[in-house]
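*Asks:* Just dropping this structure here.
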Amino acid sequence: MQPKQLLIALFICIGFFSCKDEEKEPNLEQLQTYVEPEPLKEFGFILEDYIVKRDTIKKGDSFGEILERNHIGYPRIFNIAEKIKDSFDIGKLKIGKPYTLFCTKDTLQTPEYFIYQPNSIDYVVIKMIDSVVAYKEKKPITIVQKEASGVVMNNLSETMEAQGLPYQLINDMSDIYAWTIDFFRLQKGDRFKIIYNQRFIEDTIYAGIESIDAAYFEHKSEPFYAFNFQVDSTKQISDYFDENTKSLRRTFLKAPVQFSRISSRYNLNRRIKYYGYKLRPHRGTDFAAPIGTPILATANGTVTESTRRGGNGKFVKIKHNGTYSTQYLHMKAQNVKKGDFVKQGDVIGWVGMTGNTGGPHVCYRFWKNGKQVDPFREKLPAAESIPDSLKSNYTEFIKPLKSQLDNIQFEDNKIHLPTEEDVLTSKIQ
């Protein structure tokens with residue numbers, strides 16, 4: 001072989017072995033580190049360590065019967081019940097509520113832990129091995145801040161429902177403005193914005209509204225801001241105030257029922273055709289609502305009457321102070337008795353048709369210094385504003401919330417029908 005040919009062959013061999021060496025070298029970018037998956041947990045227990053049995057409390061079930069069905073004898077059941085009686089009352093298991101048994105992974109499948117869930121967040125753990133104990137825990141809750149807005153077309157409830165907003169949010173919004181806005185007289189074009197917090201269990205399961213941080217309501221072109229501010233950190237007391245530190249609350253609620261309508265107003269000159277147009281003054285305000293609708297005390301006070309009498313039917317009367325009293329007529333049933341102290345917003349009864357009435361409603365009567373008056377024409381006193389010592393803190397606290405509110409755009413609440421382009425796109429997909 002010629003020297004030139006030997007040289008070429010040598011280069012080929014070197015190249016061949018170099019390629020082999022390169023192929024053997026690992027590509028670090030392509031290597032993936034194996035990560036051991038986290039074991040599935042629930043209620044603080046690793047599920048794979050137990051045989052897990054789930055069920056709900058059935059009619060006739062008791063703590064003892066559930067354990068007895070799962071191979072625990074009554075002497076031991078009695079011993080468990082005795083040891084936890086100061087921590088948890090096993091007689092309070094409610095039908096339909098879920099429970100879970102964590103059992104041993106053997107042929108006996110003996111329960112070691114009993115978990116009872118009275119609601120979607122709270123749960124009770126009864127440990128039945130070693131030292132028997134019962135303790136209460138909560139599932140991990142995530143708070144997510146949300147924003148919403150809308151323009152009222154018919155009423156607040158329908159507007160918010162049309163946007164798919166939670167019903168609890170509608171009630172909470174109504175409560176915030178119950179003292180300052182008459183929701184029975186909203187106008188088309190009134191607008192609102194809300195910054196609120198939703199609860200999620202373990203990041204995925206919706207668990208209701210946590211709170212409303214701030215709100216804006218524009219009624220008859222007049223703006224009403226509301227900011228949730230804690231005025232007493234020791235007692236965890238918070239309330240809603242406007243941008244000028246004034247409380248949104250008033251001494252009296254605007255109405256004794258939520259989301260109703262006024263079917264008849266206070267009118268001293270009322271004449272009714274049925275009675276030959278004779279003068280029959282109406283010294284109350286009628287709120288039409290379905291039978292069973294809760295009737296709320298419009299202010300704090302003491303119940304002076306809870307009885308049934310003539311055309312008034314079943315009614316409750318409350319004395320609020322030396323000046324004001326209120327009365328609620330035609331109830332289906334009362335929820336308070338004479339002498340009870342009630343707070344503003346407490347349910348004192350339910351809408352009915354007792355006495356002289358042509359339909360379900362509550363007749364709301366209002367006394368000032370012993371004389372019946374129209375509460376909608378009275379200038380009622382406001383609740384206390386923020387203490388002077390907290391006003392500067394409040395002003396700084398609401399600055400970012402007010403800015404956030406002002407930047408929320410109003411939803412038009414219109415139903416957006418699919419366009420021809422939308423239909424074609426969906427068919428292609």
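*Asks:* Residue 338 to residue 89: extension gain in nm, 0.36 nm per residue of separation minus the Cα-Cα distance?
*Replies:* Taking residue 338 through residue 89 to full extension adds about 86.3 nm, to one decimal.
*Asks:* While we're here: Considering the zone a paramagnetic label at residue 76 would reach in this model (a point 7 Å from Cα along the Cα-to-Cβ line), which residues of segment 105-132 have amide N under 16 Å from it?
*Replies:* 105-115, 126-132
*Asks:* Using modelled amide H (1.01 Å from N, peptide plane; none on Pro or chain starts), what sits under 5 Å from the amide H of residue 238, excluding residues fewer than 5 places away?
*Replies:* For residue 238, whose amide H was placed from the backbone, the distant partners under 5 Å are 231.
*Asks:* Mind checking the full-extension length gain between residue 379 and residue 353? Use 0.36 nm per residue of separation minus the Cα-Cα distance, one decimal, nm.
*Replies:* 6.3 nm
*Asks:* Let me ask something else. Given a cut-off of under 8 Å on Cα pairs at least six residues apart, what relative contact order in percent is computed for segment 31-127?
*Replies:* Result for segment 31-127 is 27 percent.
*Asks:* Further question on the same structure: Need the C-alpha centroid separation for segment 350-384 versus segment 67-109, integer Å.
*Replies:* 52
*Asks:* Once R0 is set to 56 Å, what does the formula 1/(1 + (r/R0)^6) return for the Cβ-Cβ distance between residue 265 and residue 135, expressed as a FRET efficiency to the nearest 0.05? Walk me through the numbers before you get to the answer.
*Replies:* Numbers: r = 56 Å, r/R0 = 1.00.
Efficiency computed from Cβ-Cβ geometry: 0.50.
Readers should treat all values here as calculations from the given coordinates under stated rules, not as data from a laboratory. Since the model is a prediction, treat every value here as computed from it, not as a measurement. Cβ atoms come from the backbone with ideal geometry, glycine included; neighbour counts cover every protein chain shown.
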